1. From 52, 80, 40, 69, which residue is open to solvent by 70 Å² or more (accessible area, probe 1.4 Å) and in contact (Cβ under 8 Å) with a residue 40 or more places away in the chain?
2. Looking only at the stretch 3-37, count how many residues are under 30 Å from residue 80 (Cβ atoms) and either open to solvent by 100 Å² or more (accessible area, probe 1.4 Å) or in contact with a strand residue (DSSP E or B) (Cβ under 7 Å, 6 or more places away or on another chain) (or both).
3. Of everything in the stretch 32-81, what is hydrophobic (A, V, I, L, M, F, W, C) and in a loop (DSSP other than H, G, I, E, B)? Give them in sequence order.
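The values are calculated or read from the model by the stated rules, or taken from the named source; none is laboratory data. Computed from a predicted structure; not experimentally measured. Positions of Cβ are backbone-derived with ideal geometry, glycine not excepted, and every protein chain shown enters the neighbour counts. Side chains are part of the model used for accessible areas, which takes the heavy atoms of the whole protein and leaves out ligands, DNA and RNA. Shrake-Rupley method; radii C 1.70, N 1.55, O 1.52, S 1.80 Å.
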Amino acid sequence: LGCGAYLLAFIGILTSVISCFYYIRFVKIMYFDTPKTWILYKPMDREKSILLGITLLGITFFFLNPSPLFLVTHQMALSLCI
């Protein structure tokens, strides 16, 4: 907040509250509600499996080598405070 980014802080707090509501609801449904019917999963089509694979590779890359992501976010933070 030293840069005067009050709107950005408010948006961050608001999205955190909304996501907390959904996560609590998800945990309640997952652990405390009994299912009415069992869900059978269909096989995934090719486009979704390719998208899932690309996402998995990106997450794995940034988990093993986080330096590029840190550098980009650092540069973005510096550009906000100038």
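1. Details: 52 fails: in contact (Cβ under 8 Å) with a residue 40 or more places away in the chain; 40 fails: in contact (Cβ under 8 Å) with a residue 40 or more places away in the chain; 69 fails: in contact (Cβ under 8 Å) with a residue 40 or more places away in the chain.
Sole residue among the options that is open to solvent by 70 Å² or more (accessible area, probe 1.4 Å) and in contact (Cβ under 8 Å) with a residue 40 or more places away in the chain: 80.
2. Adding up the residues that qualify gives 8.
3. 32, 38, 39, 40, 44
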